[in-house]
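Accompanying notes for the structure given below.
The values are calculated or read from the model by the stated rules, or taken from the named source; none is laboratory data. Since we're looking at a predicted model, the values are computed, not measured. Heads up, the Cβs are rebuilt from the backbone with ideal geometry, glycines too, and the neighbour counts pull from every protein chain shown. With ligands, DNA and RNA removed, areas are computed over all heavy atoms of the protein, side chains included. Shrake-Rupley method; radii C 1.70, N 1.55, O 1.52, S 1.80 Å.
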Amino acid sequence: MTVTSVAQKWVSEAAGMTQPSRVVWCDGSKTEYDGLIEAMLADGTLLPLNQKTYPNCYLHRSHPSDVARTEQLTFICTREKDGAGPTNNWIAPVEAKATAGALLRASMRGRTMYVIPYLMGPAGSPMSRVGLMVTDSAYVVASMHLMTRVGQVAFQHMRRDDDFIAGIHSLGDLSPDRRLILHFPEEQLIWSVGSGYGGNALLGKKCHALRIASWQARQEGWLAEHMLIIGVEDPEGRVTYLAAAMPSASGKTNLSMAVSPLPGWRVWTVGDDIAWMWVDASGQLRAVNPGRGFFGVAPNTSPKTNPNATSMVRSNTIFTNVALTGSDEPWWEGLSPAPPGGLTDWQGRPWKPANGPAAHPNSRFTVLAQQCPSIAPNWEEPQGVPISGVIFGSRRTGVVPLVFEAFDWSHGVFLGSAMSTETTAAITAKVGVVRRDPMAMIPFCGYNMADYFGHWLATGSRLKTPPRIFRINWFRRDAEGRFLWPGYGENVRVLKWMVERIRGTGRAEETPIGWVPASGAIDIGGIDVTPTRLGEALRCHGGEWLQTLDELSEFNKQFGDRLPRPITESLAVTRRRFGG
Ligand code: OXD
Ligand code: MN
């Protein structure tokens, strides 16, 4: 492998600090992957699954206190506190390095330090960016193989000798008391210690492709977003590309692989979690998926909710914290209607309902995107795909209609900034609590969110025909607590309406919050949804919205004068439209 001297020097410094007994440069080859799997099977880091029914599939059980992202231990370490903004945890870089340095010093003693050069984005794309991470976890290396493009390809995409995001990762002692996930956007640097969990430890993903990349994107004039990318094909074979932001564990993977119940309609998967988007020379928004694989939430993935994912994880997949059946197959809640007998739970104990779910609610599968039956033929196109619609979705039991469309780009940015959601098991915090999550980026924006909204607004003015912006909520319930909309594959009916809006044929009614589908505009033929229930799912209630707008004003106060004026104005205008 041809390595730049800057990279070599940085790795020597990282080794000087962490003092591994051995340094191994990774080349991304199959031989390397197979060797890692073999070593992890030998030392118990991985357990083999049934190789007849799940060939090349393995199970990893993590430390029980290391099962999700730890947002309270995640920091944006800009020189100025204002650079990180009020929604991020912040420590000054010097202090952060002193504290984490004490944890990283000699942390790899007696261990192997793997050096992983990786590329985020398709080979040959002007948007692709390089990372160089070191880690003492073989599980992280194998997962990075599946999630990113590892090896020489990374160096081939460097624009300068120092054109890489550097990342140090060490498991440390896995204690949450000695865990820190630190980002230094001004130095293009990530330090992560004390966790082996994907979102904290696979540095290419959340740390690089979202937190550091969002910072870079602002400097360079593009967008790094927590968004899936799909192509929606109509019966005439025309494909419309959409990008959709939704909070963690709220259905991005399912929507990105949805199987259409409508004849002739089809969803193509381009990405399920992160989109890098830019305005091309003609003023068109384009997007690439920086990842190479999926790190998806297992619970509730089933032949009914996501047949594509269920079949894609039948081979070459690493499962983390799922349950194990008596015949060594992976299992999780929702995979089959009832749990099979003889289950072993995610912690390796014979499963007892009294111990909670058999699979951890944030248990995961890690698998190459190319295994997905719905993967778009052009998903690795270096020039990306043209985006005609942007979707902001969240998980709300009430208030937010199933779908509606913003009046224009600026109003859509306001709607994205106004998002709130109910928390999920993807983070170590209480589940089901409503929190504000603008554009599903609250955990991932690497700089001041007020400036982030400003950057979105400014991007709109560079677009020749700005994509339509939609707001969705699959999770609205009736007074009895039942979902008003069946979700999953049936969501394609909502995507169809969006495509029709983009083409100028979809019918809609104006409301104070935007364009809501007109009666009959969403095709509910053949499903168990009455027009009355659909009407309830689409309802926008003035009193509820006025209260939500009050809460939003409170939240926005923290940004002070930095909040862009169009955001404040949209809020005031919406309030007035409701007569408030
Ligand atoms: C993820 C997350 O893993 O958002 O994608 O937590
Ligand atoms: Mn995510």
Discussion item. Restricting to the stretch 96-124, and then to whatever is over 21 Å from S170 (Cβ atoms) and open to solvent by 10 Å² or more (accessible area, probe 1.4 Å), can you tell me which residue is nearest to the chain's Cα centre (by Cα)?
Written reply: A123
Item to complete: Within the stretch 138-155, identify whether any single residue is out of contact with any His (no Cβ under 7 Å at 6 or more places or on another chain), at pLDDT below 95 and basic (K, R), and answer yes or no.
Response: no
Worksheet entry | Which listed residue, of I165, I181, is open to solvent by less than 40 Å² (accessible area, probe 1.4 Å), at pLDDT 95 or above and more than 16 Å from ligand 1 (Cβ to nearest atom) | I165
Worksheet item: So, of the residues in the stretch 292-303 that are open to solvent by 10 Å² or more (accessible area, probe 1.4 Å) and within 14 Å of ligand 2 (Cβ to nearest atom), which turns out to be farthest from H360 (Cα to Cα)?
Response: F295
Practice prompt. Any chance you could count how many residues in the stretch 227-249 are open to solvent by 40 Å² or more (accessible area, probe 1.4 Å) and assigned to a strand (DSSP E or B)?
Written response: 2
Worksheet entry | Which numbered condition K252 misses (of (1) within 15 Å of ligand 1 (Cβ to nearest atom); (2) among the basic types (K, R); (3) surrounded by fewer than 21 Cβ atoms within 10 Å (Cβ to Cβ)) | (3)
Discussion item. Please go through (1) touching a strand residue (DSSP E or B) at 6+ places or on another chain (Cβ under 9 Å); (2) touching a residue at least 60 places away in the same chain (Cβ under 8 Å) for N89 and return the number of the only condition it doesn't satisfy.
Written reply: (2)
Discussion item. Can you confirm whether S12 is under 30 Å from T428 (Cβ atoms) and of a type outside the set (A, V, I, L, M, F, W, C)?
Written reply: no
Item to complete: Quick one: count up the residues across the stretch 61-88 that are surrounded by fewer than 20 Cβ atoms within 10 Å (Cβ to Cβ) and in contact with a helix residue (DSSP H, G or I) (Cβ under 7 Å, 6 or more places away or on another chain).
Response: 2
Item to complete: Could you tell me whether any residue of the stretch 130-147 is touching a Phe, Trp or Tyr at 6+ places or on another chain (Cβ under 8 Å) and free of Cβ contacts under 8 Å to residues at least 40 places away in the same chain?
Response: yes
Fill in: Condition broken by A258, with the remaining ones in (1) part of a loop (DSSP other than H, G, I, E, B); (2) within 13 Å of ligand 2 (Cβ to nearest atom); (3) crowded, with 24+ Cβ neighbours inside 10 Å; (4) not aromatic (F, W, Y) satisfied
(2)
Worksheet item: List pairs: first in the stretch 541-556 and more than 12 Å from S417 (Cα to Cα), second open to solvent by less than 30 Å² (accessible area, probe 1.4 Å) and part of a loop (DSSP other than H, G, I, E, B), Cβ under 6 Å, 6+ apart or cross-chain?
Response: E544/V399; T548/V399
Worksheet entry | Residue check for L132: under 25 Å from H60 (Cα atoms) and part of a loop (DSSP other than H, G, I, E, B) | no
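Filter the stretch 541-576 down to the residues that are in a loop (DSSP other than H, G, I, E, B) and within 27 Å of A450 (Cα to Cα) and list them by number. If you could, list the steps in order and put the result at the bottom.
Here is the first cut: in the stretch 541-576, the residues in a loop (DSSP other than H, G, I, E, B) are 541, 558-559, 563-564.
Across the stretch 541-576, the qualifying residues are Q558, F559, L563, P564.
Within the stretch 208-238, count every residue that is touching a helix residue (DSSP H, G or I) at 6+ places or on another chain (Cβ under 6 Å) and either closer than 18 Å to A68 by Cα or within 16 Å of ligand 2 (Cβ to nearest atom) (or both).
Here is the first cut: in the stretch 208-238, the ones touching a helix residue (DSSP H, G or I) at 6+ places or on another chain (Cβ under 6 Å) are 212, 215, 218, 223-224, 226, 228, 230, 232.
Among the residues that remain, those that are also either closer than 18 Å to A68 by Cα or within 16 Å of ligand 2 (Cβ to nearest atom) (or both) are: 212, 223-224, 226, 228, 230.
Number of matching residues: 6.
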Discussion item. Could you go through the stretch 197-207 and let me know if any residue there is more than 16 Å from ligand 2 (Cβ to nearest atom), outside any strand (DSSP E or B) and open to solvent by 20 Å² or more (accessible area, probe 1.4 Å).
Written reply: no
Worksheet item: Inside the stretch 268-284, can you point out the residues that are crowded, with 24+ Cβ neighbours inside 10 Å and not aromatic (F, W, Y)?
Response: T269, V270, G271, D272, D273, I274, A275
